[in-house]
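The values are calculated or read from the model by the stated rules, or taken from the named source; none is laboratory data. As the structure is a prediction and not an experimental result, all values here were calculated from the model. All Cβ positions, even for glycine, are placed from backbone atoms using ideal geometry, and neighbour counts span all protein chains on display. What goes into the accessible areas is simple: the full protein's heavy atoms, side chains included, and nothing from ligands, DNA or RNA. Shrake-Rupley method; radii C 1.70, N 1.55, O 1.52, S 1.80 Å.
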Amino acid sequence: MESLSDVLKQWHTGKQMRGRAKELQDELLAHPLVVKLQHKYPELNEELIRLNLNRVYQYTKEHANCSDCPGLERCPNDFEGHYTMLSVQSDSDFPQLVDRKVPCKKFLAHQSERQIRSRVKSFYVDELALSRGYSAEEITFKDLERVKAVRQIMEYIEQTRHEGLQTRGLYLAGKFGTGKTFLMCYMLYELAKAGYSGVIVYVPEFVEDLKSMFSEPQKLKETIELMKSTDLLVFDDIGAENLNPWVRDHVMGTILNYRMNRKPTFYTSNHDLDMLEKHFSFTSKDGDEAHKGQRLMDRVRPFVDYVVVSGENKRGKS
């Protein structure tokens with residue numbers, strides 16, 4: 001943003017510059033913001049204003065920019081998302097004009113949004129699903145067949161907001177493309193506003209990626225610890241992965257064993273709970289191990305409310 005000195009440089013001769021400077025001084029002294037500032041600080045006399053013309057000019061200029069804000073990304077002020085505020089401080093009976101930068105509402109909203117998003121981490125899940133920001137009304141009425149499921153999720157969000165973190169999660173079951181993942185992302189985002197951290201994991205790709213972590217034990221440990229400790233954990237599309245005994249018993253089992261009775265875990269799946277137990281009971285390496293499938297389901301079934309998500313397949317539709 002141009003300063004007062006930049007404006008004056010446009011007037012080349014000394015006489016022109018002095019005349020223009022006097023005009024600008026008179027304009028600033030009569031400016032409503034300056035008059036209001038003088039009412040607030042009676043010690044702000046004309047002499048003090050003349051000694052700080054550049055600060056006063058910047059103060060009025062930035063407030064004018066804010067009144068006709070072009071958006072945070074195109075902010076014309078010197079410090080993006082901030083404007084100048086003036087105050088008078090008296091030091092040994094000599095008043096001084098002090099300026100400071102104050103964040104605007106758009107900047108504060110942007111910072112708040114970034115902070116909210118930082119509370120939610122995703123593994124292999126499309127970030128777009130976490131950032132769409134649909135309203136509650138749009139989520140409810142986008143597909144009337146899933147209204148009951150949406151209502152259950154809304155009630156869960158409100159219960160957590162009022163009562164604190166729950167120990168039970170939700171198990172969303174339904175056909176392909178009915179919006180189960182999106183509803184979970186919506187829940188994570190809404191509860192992130194209340195200060196809760198969240199992790200959402202697309203299980204099929206996560207299971208495949210775990211194989212590469214054999215050679216990175218520290219990364220594996222940090223990943224498991226994150227999933228154990230986060231407030232809200234979502235296993236997305238569980239039951240679609242190619243399961244092996246190590247993932248089932250030593251990764252999933254470890255995470256769920258820690259979280260049960262402590263923090264809620266959520267699931268989306270095309271399987272109901274009985275079908276998921278059958279899925280857990282069979283691995284390509286060891287074949288059918290019903291007792292191990294049941295043992296893992298004992299860490300799932302008692303700690304979730306079952307939610308059926310009905311509706312049409314929305315994938316590929318706008």
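Inter-part distance, segment 27-98 to segment 170-221, computed on C-alpha centroids, equals 49 Å. Loop-located trypsin sites (Lys or Arg not before Pro) in segment 252-291 (DSSP state other than H, G, I, E, B) with a sparse environment of at most 16 neighbouring Cβ atoms within 10 Å: Arg262, Lys285. Ligands, DNA and RNA left out, the accessible area of the chain computed with a 1.4 Å probe is 51% carbon and sulfur. Computed from Cα positions, the angle between helix 14-30 and the longest principal axis of the chain comes to roughly 60 degrees. Using the 1.4 Å probe convention, the accessible area of the chain works out to 55 Å² per residue with neighbouring protein chains retained. Once the Cβ-Cβ distance of Glu208 and Tyr306 is raised to the sixth power relative to R0 = 30 Å, the FRET efficiency obtained is 0.60.
Considering Cα pairs under 8 angstrom that are at least six residues apart, work out the relative contact order of the chain and quote it in whole percent. So the answer I get is 17 percent. Here is how the number arises for the chain: DSSP H runs of 4 or more residues each give -39500 (n - 2.57), the sum is divided by the residue count, and the result at 222 nm is -14500 deg cm²/dmol. Amide H contacts under 5 Å for Gly169: Thr265, Val304, Asp305, restricted to partners 5 or more places along the chain or on a different chain, H placed in the peptide plane at 1.01 Å from N. Length gained on full extension, Glu46 to Glu80: 9.2 nm, using 0.36 nm per residue less the C-alpha separation.
Beta-bridge orientation, the chain: approximately 40 percent antiparallel, per DSSP, counting only bridges with both partners inside. Ordered from largest to smallest accessible area (heavy atoms of protein chains, 1.4 Å probe), the residues Lys40, Lys219 come out as Lys40, Lys219.
Note on surface exposure: Lys221, Lys121, Lys292 rank Lys221, Lys121, Lys292 by accessible area, highest first, 1.4 Å probe.
You can think of it this way: the chain between Asp288 and Asp91 has 62.6 nm of extra reach, that is 0.36 nm per residue less the Cα-Cα gap. Against the chain, whose longest principal axis comes from its Cα atoms, helix 53-67 is set at around 40 degrees.
Take every pair of alpha-carbon atoms less than 8 Å apart whose residues are at least six positions apart; their mean separation over the length of segment 188-318 yields a relative contact order of 22 percent.
Thr223 sits among other residues whose Cβ lies under 11 Å from its own Cβ, and their net charge, with Lys and Arg +1 and Asp and Glu -1, is 0. For the residues Phe303, Phe282, Phe235, a 1.4 Å probe over the protein chains yields an accessible-area ranking, largest first, of Phe282, Phe303, Phe235.
Residues in segment 247-258 carry Karplus couplings, in order, of 4, 4, 8, 10, 9, 4, x, 5, 5, 6, 4, 6 Hz; the curve used is 6.51 cos²θ - 1.76 cosθ + 1.60 with θ = phi - 60°, and Gly or Pro positions show x. Subtracting the Cα-Cα distance of Ala64 and Lys278 from their residue separation scaled by 0.36 nm leaves 70.4 nm. Once the C-beta distance of Ala194 and Asn244 is scaled by a Förster radius of 30 Å, the resulting FRET efficiency is 0.20 to the nearest 0.05.
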